[in-house]
Amino acid sequence: MNLELLPLPEPCATTLAAVQADPLEPGAEAERHMKICRACAETRVFYLAQEESPEVLAPAGYFDQLPGRVLRKLPARTALHHRMGPLAWASAAAVLMAVGVGAFLAGRANRTPYVEATLPRPAETLEISIPDTPFHDREEEAAQLQTLSPDEMKALLKRLDPPAPTSPR
């Protein structure tokens with residue numbers, strides 16, 4: 001510490017020199033001065049805090065035995081299978097089985113069928129070919145109509161006409 005920068009009174013300077021020499025035992029005069037001067041007492045505390053102290057070593061095997069010591073201090077608990085009787089285990093198993101079977105049956109009841117039944121198509125309907133190209137004009141359907149005989153054309157028109165409404169008498 002540079003004493004030229006800090007103008008210290010003579011008692012503080014002698015106390016500071018005694019603390020720098022030995023912070024644990026600065027002497028009787030320095031002890032008396034530190035009782036009345038707070039700055040010098042704090043300086044001694046700072047010097048004591050900076051002093052190196054040897055590391056405290058743990059005894060051999062301390063950390064190896066630590067888990068066992070901690071477990072011995074905890075209260076003993078009985079295992080779960082000792083606390084629950086066979087009737088409780090049987091009822092828990094029955095509840096799990098009931099939930100599992102109920103969920104399985106609920107899943108089966110709400111399934112959609114893989115194959116749906118459809119009515120056969122009537123043979124009298126006009127076969128319309130689906131074009132391979134999406135922008136194809138519908139000339140093929142018109143060509144099929146032109147190849148029908150007059151009798152087939154009359155039968156087709158008769159099917160397409162709505163039936164005449166019958167009046168109730």
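The values are calculated or read from the model by the stated rules, or taken from the named source; none is laboratory data. In this text the structure is predicted, and so the values were computed from the model without any measurement. Neighbour counts run over all protein chains shown; Cβ positions are idealised from the backbone, glycine included. Please note that ligands, DNA and RNA were not included when accessible areas were found on the heavy atoms of the full protein model with its side chains. Shrake-Rupley method; radii C 1.70, N 1.55, O 1.52, S 1.80 Å.
As a summary of the residue check, L66 satisfies the conditions (1) modelled with pLDDT of 70 or more; (2) closer than 30 Å to V19 by Cβ except for the one numbered (2). Residue by residue through segment 140-169, note down the ones that are part of a loop (DSSP other than H, G, I, E, B) and modelled with pLDDT of 75 or more. Matches in segment 140-169: T147, L148, S149, D161. Against the criterion of being assigned to a loop (DSSP other than H, G, I, E, B) and either of a type in the set (A, V, I, L, M) or open to solvent by 100 Å² or more (accessible area, probe 1.4 Å) (or both), E29 does not qualify. Of the residues making up segment 35-50, one or more are of a type in the set (A, V, I, L, M), part of a helix (DSSP H, G or I), open to solvent by 90 Å² or more (accessible area, probe 1.4 Å) and closer than 20 Å to E10 by Cβ.
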